[in-house]
1. Considering only DSSP beta bridges whose two residues both sit in the range 2-101, what percent are antiparallel, to the nearest 5?
2. Work out how much length residue 27 to residue 1 would gain on full extension: take 0.36 nm times their residue separation and subtract the Cα-Cα distance, in nm to one decimal.
């Protein structure tokens, strides 16, 4: 089962996926992206941190929605890819559509997590969508 949660920010739309992106859920995913892009031309960021499994149909759907966005001149990319699906994403999705946290930002993020500050005070690394 796949769940999708849309979070709007002033500069982009983030769509957090959770569960399995497989042939049974790919149509809902594609339909959601088509609906979003019909109403809003802002860049789309697809968060894959909670996607536990992706099959060939899900991968095809992911590539399809990115191509759809490109045709509409809407920037789109995936980010926070779950390590369990990283090899598949890296093998088949062009690198320019994957946002990776820079090592310096990752080290800063890890060191800030070791402090006793509450999570609400820690800053998150910034992500810029630069897909040409």
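No lab work stands behind these numbers, since they all come straight from the coordinates. These numbers were taken from a predicted model, which means no experiment stands behind them.
1. Numbers: 7 of 21 bridges.
Percent antiparallel among DSSP bridges in the range 2-101 is about 35.
2. Taking 0.36 nm per residue and subtracting the Cα distance, the gain is 8.1 nm.
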